[in-house]
Structures are given as structure tokens and as C-alpha cells.
Amino acid sequence: MILCLLAAGALAAPVAASAAKPPKPPGQQGVTIKPSDTLVTFSHPVVTTVSVKGAKAGVGVTLQRRRTTSQTWSDVETKTTDHKGDAAFTTRPGANTAYRAVARTTPEQTSPEATVLVAPLVGFRVSDSTPKAGQRVRFAGTVRPRHNGRRVAIQRRSSTGSWVTVKRTRLKAAAATYSKYATRVRIRRTGTYRVRLAAHADHAAGVSRERTLTVG
């Protein structure tokens, strides 16, 4: 009987040992990424904060990015974490961009992705803000970055507050960094106008500032 009990104990020992959880390796606390904005106008800066949970100062962190229309990642910059385990990066995305961070912990960790949408910068000016009823007014401006060949919509705000397209015009080449447009709109009554470039694969919708034309 004693021999049987000893044999049973010998068999049970390996099972108990295998059930024990291994210690959590260092660096497995998690990496998070948070951009200051998820929608910005072209040329505006974005501050992306990376946090390595449980990390101390001095952990290397590399910010990576890719255009949302691409699957290829590229390194932006490498920094080290502060005493809170954080590192901040400032970028100026030119198109819709996905970001992620790689922390040089042991083992190495990669954060989830965070996407920042970029709206084109749409300029808008008029030749006369106090036209006579029925007068044709020139609407013109630029769009950055350039979108040669795309069309912008001239829109008027209705009495319900919605925006109604009254005319469309195509963007033309202007310079290496921007496109331009110009068209004439007949103004019959006082109204508020704007210019809009619709969203597409690599940019969010771009909208100009509003301008009110008062018919005298």
C-alpha cells in the first residue's frame, strides 16, 4: 500500500508542475497609440502619443506610418520613453495615414493601428460680395495638395440649413503643390456659399470657409 501511494505521488508531481503558469515575460504589458486628432486639414500637425504600459524611461519606440491606400510601412522617427513610459511624435500627414508604434521591449511589441484622415485645404474668394440681383460673380480659389482633374462643388446653404450644389467646376494645374479653380455663378438673392471637394481614396472631404453674398 505504501509503495502504491509513493508511486501515485510520483505520477502526480509532473502534472502539478505543468499546471503552474510561467512568469509573465517583461515587456508584455501592452503598447497603445493615440493621435491628437483623427481628422485634420492638410498641413496641420498631429501629435501622436505612444504609451508603453509598465515601462520606465529609456525604452526605444519607433513610430511607423503608411498611406491608407498602401500596405507598406515606413519608419518616421525613433524616440525613448520618459519616466511615465510615454513618447510623443509630431507629424504633418499629407494624405489619409495609418500609424503604429514598435516598442523595443523584450520581446518586441507593436501597437494597434490608428488612422488620421486628412482633408484638403480649400481656398475660396469672390470677385464681389455685394452684387446686384442677377449679377454673375467669379468664384475662385486653390486646393492643397493638388488634385488636378477632380471637380469641386459650389454650394449654397438652403433655408433648412442643408447645402445644395449650384455648380461644379474642374480643378486645373497651378503649381507642384496645389491646384486651382475658377467659375462664375449668377447670384439672384442674398445667400451663403462654400466650396467642397468630395472625399476619395486618399483624402477626406475638403470644405472651404463660408462666404455670404448680400444682394444690394
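The values are calculated or read from the model by the stated rules, or taken from the named source; none is laboratory data. Computed from a prediction, not measured in an experiment: that's the story for all the values here. Backbone-built Cβ (ideal geometry, glycine too); neighbour counts: all protein chains shown.
Quick look at the values:
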{"item": "Matching residues, the stretch 50-78, being touching a residue at least 24 places away in the same chain (Cβ under 8 Å), in a strand (DSSP E or B) and under 30 Å from V143 (Cα atoms)", "result": "L63, Q64, R65, R66, R67"}
{"item": "Residue check for A101: of a type in the set (G, A, S), crowded, with 19+ Cβ neighbours inside 10 Å and either in the same structural domain as G85 (by TED's automatic domain parsing) or part of a loop (DSSP other than H, G, I, E, B) (or both)", "result": "yes"}
{"item": "Matching residues in the stretch 158-197 - criterion: being of a type in the set (A, V, I, L, M), surrounded by 13 or more Cβ atoms within 10 Å (Cβ to Cβ) and either in a loop (DSSP other than H, G, I, E, B) or on the phi > 0 side of the Ramachandran plot (or both)", "result": "L171, A174"}
{"item": "Any hit, the stretch 124-135, residues being outside the structural domain of S179 (by TED's automatic domain parsing), of a type in the set (S, T, N, Q) and in contact (Cβ under 8 Å) with a residue 12 or more places away in the chain", "result": "no"}
{"item": "Flag if A133 is under 23 Å from A205 (Cα atoms), at pLDDT 95 or above and either more than 19 Å from the chain's Cα centre (by Cα) or crowded, with 17+ Cβ neighbours inside 10 Å (or both)", "result": "no"}
{"item": "Failed item, numbered, when R146 is tested on (1) assigned to a strand (DSSP E or B); (2) surrounded by 15 or more Cβ atoms within 10 Å (Cβ to Cβ)", "result": "(1)"}
{"item": "Hey, T142 outside the structural domain of S70 (by TED's automatic domain parsing), under 27 Å from the mean Cα position of the chain (by Cα) and either on the phi < 0 side of the Ramachandran plot or aromatic (F, W, Y) (or both) or not", "result": "yes"}
